Structure formats: C-alpha cells, structure tokens
Amino acid sequence: MFEDLLSLLFPESCYACDGAIARGERYICTGCNIKLPFTDYHVHGATELNPLQRRFWGKVQVRYAFSYLLFMPKGRVQRLLHKLKYKGAKELGVHLGNRYGSLLSDYHYSGQFDVVVPVPLHKYKMRRRGYNQSEYFGRGLSESMNVPLVADALFRAIDTGTQTRKNRLDRWHNVEQVFQVKHPEKVKGKRILLADDVMTTGATLEACTIALLAAGATEVSVVTIAAA
Ligand SMILES: [Zn+2]
C-alpha cells in the first residue's frame, strides 16, 4: 500500500516497469517504449482483415478493429492496465489514447470517425471506482484525432461482474440487453469509434456494437489499449 501511495505521489516512476524514468519522459520509460508489444493492426485493416477484425466476422459488422498493444499476462501491459483500472492512473489512459490516436491519424484514419464512444461501466462499479478507465482512453483518442467524445451514449443496464471473471458476459443469453443506447440522437447516422481498455473474448465490444447499430449508427469500429 505504501508503494501504491508512493507511485501516486511520485508519478515519475514508469507505469509499465515501476522503474525510474528520466526527466523529459512521461509515464512510460524509454526501455519499456521499445519493448512494449505494439500491434500492427492499423497497418492492415483497410485492405485485409486483421486478426482482431476476424474475431468479429460472422457475429457483428465491425468496420475497423484496432488495439494498441497485445495483452500479455504478468508483464508490462498488465501493469499498465492495472494502474489505469485500479490505481487511479487516469492520465495514463489519456496518454495512451493520445499516442494511439496520433498513430491512427498518421495512417489516414483521421476523418473516418464522427464520435468516440467509450464502453460504459455499470453504475455500481462506477461508484466504487469513481471513474471509467475506458472513458479516459477515449478522451485521449478524441483529443488526438479531433473527434468529439460522447461518454454517455451507451449505458450498461446489467452488471456482468468484473472483467477478471472470464466469459461472464457470454453466459447472458440476450447479450444485447446488457448494453443500451441512452441517447440514440447522439449516435444516429454517425460513424462510431468504440473504445475499451482491454479485449478478451470480444463479447463486450460485440454487445455494444449491436446496440449502437440498432440505434441507427452508420458503422462501428472498435479500439482497445490491449487485446488478448
Ligand atoms: Zn519502464
């Protein structure tokens, strides 16, 4: 707990390895920046399906699917996600969104989305955690891609428990009921960039996409910080 407090008070330690970071570096040290498992999903995607897009194939129509990093347990990526989700490191979410958004813009994805919509937390979890980590990632994407963030478009009607309990969402027969569109006017006729922190089975993103398309969204693309 003391260490947690220290890392909050002195954020100059690296969020990925807990080591010291040099002056001028922010959040992630140069060593980790080299070693992080970045994907090349943004390089493909437009012309051929990348591995992430393939996972949605036959389930729901997803325009593009991106993930900044590959999820690897017990490593740098897990430490980053842990700090973002459980240690209050909201600024890390914005930072990662900024970086990935800039990269996507460089790859000609700017101008392809009308709104960024984060995957919502259930109100109980929101109350407990105090913030939605995916919203902060979405905020970084929104800033760097110059696309408005609509944080309240979706609403999580059913608490499906923690993400760590695998496949919990899959057990819902009517997965569409888990997410509902609270403000259809904010998504109707829009090209949505749906943002989440991590993709495991893809069931959450699939359920949100179904809800958004049913509410009149023109198309939905998904983006995560990490994908398993
Ligand atoms: Zn590091």
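The values are calculated or read from the model by the stated rules, or taken from the named source; none is laboratory data. Computed from a predicted structure; not experimentally measured. Cβ: placed from backbone, ideal geometry, glycine included. Neighbour counts: every protein chain shown. The area values use the complete protein model at the heavy-atom level, side chains included, leaving out ligands, DNA and RNA. Shrake-Rupley method; radii C 1.70, N 1.55, O 1.52, S 1.80 Å.
A few points about this structure:
- So LEU70, is it touching a residue at least 40 places away in the same chain (Cβ under 8 Å), of a type in the set (A, V, I, L, M), closer than 30 Å to ALA207 by Cα and within 16 Å of the ligand (Cβ to nearest atom): no
- Residue within segment 85-95 that is of a type outside the set (Asp, Glu), under 21 Å from LEU205 (Cα atoms), touching a strand residue (DSSP E or B) at 6+ places or on another chain (Cβ under 7 Å) and in contact (Cβ under 8 Å) with a residue 40 or more places away in the chain present: yes
- In this structure, SER7 does not satisfy being at pLDDT 85 or above, over 28 Å from GLY111 (Cα atoms) and either open to solvent by less than 70 Å² (accessible area, probe 1.4 Å) or within 11 Å of the ligand (Cβ to nearest atom) (or both).
- Which listed residue, of GLU176, GLU185, is part of a helix (DSSP H, G or I) and modelled with pLDDT under 95: GLU176
- Scanning segment 11-38 for residues that are touching a Leu at 6+ places or on another chain (Cβ under 7 Å), more than 7 Å from the ligand (Cβ to nearest atom) and in contact (Cβ under 8 Å) with a residue 40 or more places away in the chain returns TYR15, TYR27, LEU36, PRO37.
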